[in-house]
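I have placed the structure first, in the form of structure tokens, so that the comments after it can refer back to it.
The values are calculated or read from the model by the stated rules, or taken from the named source; none is laboratory data. Predicted model only: the values in this text are computed from it and were never measured. Cβ atoms come from the backbone with ideal geometry, glycine included; neighbour counts cover every protein chain shown.
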Amino acid sequence: LGTMPAGGELLGVQHNKPDRGCRYLVFHRRMDREPIPKTAMTGLKSILFFILAPGMVAGLIPLALFRIGPRLETGFLTSLAFPLWVNGIAILVWCFWDFLVKGKGTPAPIDPPKQLVVSGLYRYVRNPMYMGVLLILIGHFAWFGYWGSLIYAAVVWIAFDLFVRFYEEPNLRSKFGADYEGYLKRVPRWIPRFR
């Protein structure tokens, strides 16, 4: 029959060629690695949250509701829209990836990272995901020129700031303690500090 490797799990035994004697095949798998389904599930939750949160706040809501009303001719600013959109989306994807790979979780408050993420863009600013969303919203204003979209961007930024100050930071303080306190001292909340 052979031996099962250390850390293995017996999956089943199958009788092979019963008409020729008693030969059995033993099926096993290694269990010393994290199961792929857990990582895949966390990835799927991240994608779902990406669609529901930034997708709604930076995509569906402003494009559906705030392309009406008074408009400003943005002229040369329209050329800034695509770089703002591309950079905003790239920031979001990078941060979601860091939360999945380095933090072992998602950006969603219901399934937060298990480890404090302080690398990547988080070395320069504490809230790069929110900054990415704001870049996308400013890109909408630059392209379409509707005042409503600019006012919406300002309201979203205020909501982000209040959420960070009164929910996110207190929860991260209680979860990560001294590590997070040190991070607060080194890295600014909104204005990136490049070293």
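Among Val118, Val156, which is the only one that is over 27 Å from Arg195 (Cα atoms), of a type in the set (A, V, I, L, M) and in contact with a helix residue (DSSP H, G or I) (Cβ under 9 Å, 6 or more places away or on another chain)?
Details: Val118 fails: over 27 Å from Arg195 (Cα atoms).
When all the criteria are applied, what remains is Val156.
Which ones in the range 163-178 are among the hydrophobic types (A, V, I, L, M, F, W, C) and over 20 Å from the mean Cα position of the chain (by Cα)? Spell out how you get there, then give the answer.
Here is the first cut: in the range 163-178, the residues among the hydrophobic types (A, V, I, L, M, F, W, C) are 163-164, 166, 172, 176, 178.
Correct list: Phe166, Ala178.
Name the one entry in Tyr130, Tyr152, Tyr146 that is touching an Asp or Glu at 6+ places or on another chain (Cβ under 9 Å), among the hydroxyl-bearing types (Ser, Thr, Tyr) and in contact (Cβ under 8 Å) with a residue 24 or more places away in the chain. Spell out the reasoning first.
Numbers: Tyr152 fails: touching an Asp or Glu at 6+ places or on another chain (Cβ under 9 Å); Tyr146 fails: touching an Asp or Glu at 6+ places or on another chain (Cβ under 9 Å).
After applying the criteria, what remains is Tyr130.
Rundown of residues vs (1) closer than 18 Å to Ala53 by Cα; (2) crowded, with 21+ Cβ neighbours inside 10 Å; (3) not aliphatic (A, V, I, L, M), yes/no style:
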| site | (1), (2), (3) |
| --- | --- |
| Pro107 | yes, yes, yes |
| Pro112 | yes, no, yes |
| Leu116 | no, no, no |
| Ile138 | yes, no, no |
| Ile158 | yes, no, no |
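Quick check on the range 94-104: of everything there that is on the phi < 0 side of the Ramachandran plot and in contact (Cβ under 8 Å) with a residue 40 or more places away in the chain, which residue is surrounded by the most Cβ atoms within 10 Å (Cβ to Cβ)? Let's see the steps before the verdict.
Of the residues in the range 94-104, the ones on the phi < 0 side of the Ramachandran plot are 94-103.
This time we only want the ones that are in contact (Cβ under 8 Å) with a residue 40 or more places away in the chain, so: 96, 99-100.
Values: Phe96: 20, Phe99: 25, Leu100: 20.
Applying the filter and picking the extreme gives Phe99.
Among the residues in the range 169-179, are any buried (at least 19 other Cβ atoms within 10 Å of the Cβ), out of contact with any His (no Cβ under 6 Å at 6 or more places or on another chain) and more than 30 Å from Thr78 (Cα to Cα)? Talk me through it step by step, then tell me what you get.
The initial filter retains those residues of the range 169-179 that are buried (at least 19 other Cβ atoms within 10 Å of the Cβ), namely 172.
Of the ones still in play, those that are also out of contact with any His (no Cβ under 6 Å at 6 or more places or on another chain) are 172.
With more than 30 Å from Thr78 (Cα to Cα) added as a condition, the list becomes 172.
Yes, the range 169-179 contains at least one residue that is buried (at least 19 other Cβ atoms within 10 Å of the Cβ), out of contact with any His (no Cβ under 6 Å at 6 or more places or on another chain) and more than 30 Å from Thr78 (Cα to Cα).
Which one of these does Asp32 not meet: (1) of a type outside the set (A, V, I, L, M, F, W, C); (2) at pLDDT below 90; (3) in a loop (DSSP other than H, G, I, E, B); (4) within 27 Å of Val156 (Cβ to Cβ)?
Among (1) of a type outside the set (A, V, I, L, M, F, W, C); (2) at pLDDT below 90; (3) in a loop (DSSP other than H, G, I, E, B); (4) within 27 Å of Val156 (Cβ to Cβ), Asp32 violates only (4).
For Ala90, indicate whether it is assigned to a helix (DSSP H, G or I), aliphatic (A, V, I, L, M), in contact (Cβ under 8 Å) with a residue 40 or more places away in the chain and surrounded by 13 or more Cβ atoms within 10 Å (Cβ to Cβ). First the steps, then the outcome.
Working: assigned to a helix (DSSP H, G or I): yes; aliphatic (A, V, I, L, M): yes; in contact (Cβ under 8 Å) with a residue 40 or more places away in the chain: yes; surrounded by 13 or more Cβ atoms within 10 Å (Cβ to Cβ): yes.
Criteria met by Ala90.
Give all pairs with beta carbons closer than 7 Å in which a residue from the range 51-69 that is in a helix (DSSP H, G or I) meets a residue that is at pLDDT 95 or above and aliphatic (A, V, I, L, M); count only pairs at least 6 apart in sequence or on separate chains.
Short answer, once both residue conditions are applied: Pro54/Leu92; Pro54/Val133; Val57/Val133; Val57/Val156; Ala58/Val133; Ala58/Ile136; Ala58/Leu137; Pro62/Leu137.
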